[in-house]
Amino acid sequence: MKNSLRGVALVAVAALGLALSACSTMTGPAAASANGTLQTLPADQKVEITFESYNLANAGIWSDTIMGLVDGFMAAHPNITVKTQPSDSSTGTAASVQQQLLAGSAPDVAQLTFNELDFAATTLGAQNLTSLVGEQGLAEEFGGQYPYHERAKVLADWAGATYGLPYVFSTPVLWVNETMLQQAGIDPKTVDLSTWDAVAKVAAQVTQTTGAPSLSVTCTVAGGSWCMQGLFRSDGAAPLSDDRSTIEFGSPQAVDTVRTFRSMYDEGILANQAGTAMYEAFAQGRTAIHVNTSALQGAFMKGAAGNGWTLGARTLPAFGSQPVVPTNSGSFLAMFAKDPAKQAAAWELMKWMTSPDAYAQISTGIGYLPLRSSMTAPGGPLHDWVQANPLVEPNLAQLDSLQPWVSYPGDSYAQVDQVLATAIENSIYYGADPAVAMPEAAGRAQELIK
């Protein structure tokens, strides 16, 4: 649910960035050793660490699942006490950690979103795990009986080093209210929803029946930049150049992407709502087709059961014959502990929260993609669950073609996202010309990353 909940006061990050950069230390990609410098915590040494997570700010299945895992960790590690706290939603994930760093009380482990990776490694002071844990420790973490997917394990790598453990993420899924499609005379099991043209055609037919916009796409509003990057890439555009020096969302291809959704809005089939309102409307059975994170699977299943409709899921649609390039939402676990004992305890917690047992609970309880995807293969602990829950299949299918959620360089990364979101919303919903608004936004963003 993070992509919907992340529309917070992002400007606070940059406001604090200069102050922190003067007092925080950043470890560069030092030459890795096999074993690293991490010390072993004696079994009889008591230590308390703080774990900050944005999932704890979301009541219900999100916080319940994470607290269950933390309780299990403390039962298995009686010498380690974990104090949990939600991220401050008034400032944002990285800014919440940053404020505590400035106050001298940073969490020992924090859940950060992938667009904050550059900032975490270069300004915020996240520990370089390659140096701390060593190559052998990371290999053991990412390997084992159910290893990380190759595309997942590198998502928190920066400048040749690992600065976090990829934790929970999802891909953008096309959610479908199959009951509304049936009521509009459409067979939801056979209907083509593989391209945006096909989606628009189906949405138009449902809208004609209901008299209201039947499609909502959270990528197109504030908080949806993670999946908008996937839409850009699927249409031949890119948010940032490969060398990370040039903003590229003002390109003709990016303009074309935005125009696609502007046309849907002009035709009356695309709903103009904030991200949370889109999510709630779909859960309540008032919208037929909805693009949002796969992490909402559990919430949508409850909504469908409670409101008497049938939920379906498809992969992200394509722009014509171009390949679909989904991007991931989600987060990594970063370590900020400096005390050797707390570092040792923090690493044990990080391994616990990314273990096969943890992913079994996270995937079945919340709906996040299991980064140890082989758990879903025949004989794996999640195989039967996937077979019984086919809604998971689009999410798993998109993992093989996944491209990472790009973090913009510099301390103003949050403002870049804000500039982009404003340009997209103005172009789609409020009459601005995409051919003018998108290049102008790219120009402003370019100044922010210099």
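The values are calculated or read from the model by the stated rules, or taken from the named source; none is laboratory data. From a predicted model like this one, the values you see are computed outputs, not experimental measurements. Every residue, glycine as well, gets a Cβ built from its backbone with ideal geometry; the counts of neighbours run over all protein chains shown.
Quick one: is Arg259 surrounded by fewer than 24 Cβ atoms within 10 Å (Cβ to Cβ) and either hydrophobic (A, V, I, L, M, F, W, C) or outside any loop (DSSP other than H, G, I, E, B) (or both)?
Numbers: surrounded by fewer than 24 Cβ atoms within 10 Å (Cβ to Cβ): yes; either hydrophobic (A, V, I, L, M, F, W, C) or outside any loop (DSSP other than H, G, I, E, B) (or both): yes.
So Arg259 passes the test.
How many of the residues making up the stretch 189-246 are among the β-branched types (Val, Ile, Thr) and under 25 Å from Gln403 (Cα atoms)?
In the first step, residues of the stretch 189-246 are kept if they are among the β-branched types (Val, Ile, Thr); the result is 190-191, 195, 199, 202, 206-207, 209-210, 217-218, 220-221, 246.
Subset that is under 25 Å from Gln403 (Cα atoms): 195, 199, 217-218, 220-221, 246.
Going through the stretch 189-246 one residue at a time, the tally reaches 7.
Out of the stretch 141-156, which residues are modelled with pLDDT of 95 or more and not small (Gly, Ala, Ser)?
Glu141, Phe142, Gln145, Tyr146, Pro147, Tyr148
Mind checking whether some residue in the stretch 243-255 is within 21 Å of Thr422 (Cβ to Cβ), among the β-branched types (Val, Ile, Thr) and part of a helix (DSSP H, G or I)? Break it down stepwise before answering.
In the first step, residues of the stretch 243-255 are kept if they are within 21 Å of Thr422 (Cβ to Cβ); the result is 246-255.
This time we only want the ones that are among the β-branched types (Val, Ile, Thr), so: 246-247, 255.
So of that shortlist, the ones also part of a helix (DSSP H, G or I) come out as 255.
Yes, some residue in the stretch 243-255 is within 21 Å of Thr422 (Cβ to Cβ), among the β-branched types (Val, Ile, Thr) and part of a helix (DSSP H, G or I).
Show the residue pairs that are 6+ apart or on different chains and have beta-carbon atoms under 7 Å apart, the first residue being within the stretch 393-407 and more than 15 Å from Trp175 (Cβ to Cβ), the second being part of a loop (DSSP other than H, G, I, E, B) and of a type in the set (Gly, Ala, Ser).
Taking only residues 6 or more apart or on different chains, the pairs are Trp405/Ser329.
For the stretch 309-421, which helices (runs of 4 or more DSSP H) that fit wholly inside it have 1 or more residues that are among the hydrophobic types (A, V, I, L, M, F, W, C), closer than 19 Å to Glu52 by Cβ and in contact with a helix residue (DSSP H, G or I) (Cβ under 7 Å, 6 or more places away or on another chain)?
Numbers: elements: 340-353, 356-365, 383-388, 393-399.
Passing ranges, in order: 340-353, 356-365.
Out of Glu447, Glu440, I need the residue that is in a helix (DSSP H, G or I), over 27 Å from Ala120 (Cα atoms) and charged (D, E, K, R). Which one? Even if it seems obvious, please write down each step before you answer.
Values: Glu447 fails: over 27 Å from Ala120 (Cα atoms).
Only one candidate passes the filter, namely Glu440.
Looking at the stretch 156-194, which of the residues that are under 30 Å from Leu129 (Cβ atoms) and of a type in the set (Phe, Trp, Tyr) is surrounded by the fewest Cβ atoms within 10 Å (Cβ to Cβ)?
In the first step, residues of the stretch 156-194 are kept if they are under 30 Å from Leu129 (Cβ atoms); the result is 156-172.
Restricting the remaining residues to those that are of a type in the set (Phe, Trp, Tyr) gives 158, 163, 167, 169.
Numbers: Trp158: 19, Tyr163: 26, Tyr167: 26, Phe169: 28.
Among them, the one singled out is Trp158.
Before we move on, is Arg286 surrounded by fewer than 24 Cβ atoms within 10 Å (Cβ to Cβ), among the charged types (D, E, K, R) and closer than 15 Å to Leu174 by Cα?
No; evaluated as a whole, the condition is false for this residue.
Can you tell me how many residues in the stretch 262-303 are under 18 Å from Gln208 (Cβ atoms), in a helix (DSSP H, G or I) and in contact with a strand residue (DSSP E or B) (Cβ under 7 Å, 6 or more places away or on another chain)?
Final tally of qualifying residues: 1.
Residues being under 31 Å from the mean Cα position of the chain (by Cα) and at pLDDT below 95: count how many of those fall in the stretch 38-52.
0
Please pick out the residue among Pro394, Pro390, Pro378 that is farther than 24 Å from Ser194 by Cα and not β-branched (Val, Ile, Thr). Show your work before the answer.
On the way: Pro394 fails: farther than 24 Å from Ser194 by Cα; Pro390 fails: farther than 24 Å from Ser194 by Cα.
Only one candidate passes the filter, namely Pro378.
Does the stretch 222-245 contain any residue that is basic (Lys, Arg) and either under 25 Å from Ser321 (Cβ atoms) or within 22 Å of the chain's Cα centre (by Cα) (or both)? Let's see the steps before the verdict.
Applying the first criterion (basic (Lys, Arg)) to the stretch 222-245 yields 233, 244.
Adding the requirement that they be either under 25 Å from Ser321 (Cβ atoms) or within 22 Å of the chain's Cα centre (by Cα) (or both) leaves 233, 244.
Yes; the residues of the stretch 222-245 include at least one that is basic (Lys, Arg) and either under 25 Å from Ser321 (Cβ atoms) or within 22 Å of the chain's Cα centre (by Cα) (or both).
Listed residues Arg259, Arg233, Arg244; which is of a type in the set (Lys, Arg) and in contact with a strand residue (DSSP E or B) (Cβ under 7 Å, 6 or more places away or on another chain)? Talk me through it step by step, then tell me what you get.
Working: Arg259 fails: in contact with a strand residue (DSSP E or B) (Cβ under 7 Å, 6 or more places away or on another chain); Arg244 fails: in contact with a strand residue (DSSP E or B) (Cβ under 7 Å, 6 or more places away or on another chain).
Just a single option satisfies the conditions, and that option is Arg233.
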